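The values are calculated or read from the model by the stated rules, or taken from the named source; none is laboratory data. None of the values given here were measured: they were computed from a predicted structure. Cβ coordinates were reconstructed from backbone atoms using ideal geometry, including for glycine residues, and neighbour counts include every protein chain displayed.
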Amino acid sequence: MSSELKKLNVLMCGTGEYTTGWTGAGASTSDKKIGVVALTCFDLRRLGKLGNLGMVGVNGGKFPAIRQHLQDKIGNVYKDMDVSFDAYPEGDSVNPEAYKSAIDKMSPGDAVIIFTPDSTHYPIASYAIEHGLHVLVTKPAVQLLQHHMDLVAAAAKKGVVCFVEHHKRFDPVYSDARARAADLGEFNFFSAWMAQPKNQLETFRAWAGKDSDIRHVYYLSSHHIDIHCWMMQGRAVPTRVTASAAAGIATGAPYNCVPQTEDTITLLVDWQSLKSEKHRGTAVYTASWTAPLKSGVHTSQHFYYMAEKGEINVDQAHRGYDIVQDETGKAWVNPFYMKYSPSESGHFDGQRGYGYISIEKFIDASRSVNAGQTGAADYDKHGLPTIANTVVTTAILNAGRISLDERRPVGIKRVGEDGWVLE
């Protein structure tokens, strides 16, 4: 096989806020007004790493408005930025399985980036891997532990790269905290909080409480659960999950989400040291999407880590950088995730943001495997969020959902070297 790094063809699955910044009612009101995935892919194509780009949704009738939005907000803002892409389904047709016809047109070694409702991740990722495509799937990878392990096996069989887009692993503060935690001895206590304002209920009403328990256990909380699992890799394992939920805001006016929609979810997780039988730890992960409006941050997030020889306290909502505007008041901004202001030359200038880097790392790995420079399994040996390195995260998420539904603690048990079961 040639060692030349060839351009990678990419299909973006999902047309919503995270991919395009377009929500159906115009540009998102969040901090992702022009999206993340499409913008990053357009820029990586400009830089010569990507070739053909496609985008697949359910309703083809949305694409004219999406194309206009991308041209207005990206093509007309950044120099030399081509925002063209192939769209599926074509015309005004509606097809929930349009991803299949799009993938059928691709070749082994191409790539798929999945940012769709949680319940669709597994069938799309499975179909893509079966066709020999590399896959980047947003968190949570899947909703069920068994599905996660199925994807691990499928990716290994096909020799393709499969990453989960846990971009917090590329936040320099979080990665530095993980490195420092290794010197603090046995783990004792971890507490994490992540919340977004109530207007997110407007953006995600179509699938809130139906396809997922919102941006809680399966979306928002997965950020810090994965970070903690990453910190504990090879050091400790989770053994039991007990969940509790608050409700009543999302289901009321003006949001009117389905009756089973929770507002705030907390998971209490027991951890057991792998090196010392006497050392046990406790973790509390809380996430909400009913935080107050106009608090100055889109995502309120922090965690506290205490260990045998020290502690770590990280506040990623307030980074010492705030702006005040007469119309909107004070806001704490985060250009470290995605920098949207152009460079001095007028080009996109966000290549150092960890939202961009998390996608680029996947692109680089896929191109390297295609060129025969590396094998897909090589990436499991490092701290990258491969599908194999994120199984424990899904185990906790799945256990949390079961605990909420069945109102009981759920055990997590390791079986063999790589297997996990819920009890």
Cβ-Cβ under 9 Å, sequence separation 6+ or interchain: first residue in the range 184-201 and within 13 Å of G281 (Cβ to Cβ) and in contact (Cβ under 8 Å) with a residue 60 or more places away in the chain, partner in a helix (DSSP H, G or I) and not β-branched (V, I, T). Which pairs? F187/A181; F187/H228; F187/M231; F187/M232; F190/H224; F190/H228; F190/M231; F190/M232
If the requirement is being farther than 20 Å from D405 by Cα, in contact with a Lys or Arg (Cβ under 9 Å, 6 or more places away or on another chain) and charged (D, E, K, R), which of these qualifies: R235, R280? R235
In the range 1-112, which strands (runs of 3 or more DSSP E) lie fully inside it and hold 1 or more residues that are of a type in the set (D, E)? 86-88
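Conditions tested, residue by residue: (1) surrounded by fewer than 22 Cβ atoms within 10 Å (Cβ to Cβ); (2) more than 18 Å from the chain's Cα centre (by Cα); (3) not aromatic (F, W, Y).
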position	(1), (2), (3)
C13	no, no, yes
G51	yes, yes, yes
K79	yes, yes, yes
D110	no, yes, yes
Filtering helices (runs of 4 or more DSSP H) wholly in the range 137-235 for at least 1 residues that are at pLDDT 95 or above and closer than 28 Å to A331 by Cα gives 172-181, 220-232
Tell me, yes or no, whether the range 136-152 has at least one residue that is farther than 20 Å from G54 by Cα, surrounded by fewer than 24 Cβ atoms within 10 Å (Cβ to Cβ) and charged (D, E, K, R). yes
Check the range 12-31 and report whether any residue there is at pLDDT 95 or above and of a type in the set (A, V, I, L, M, F, W, C). yes
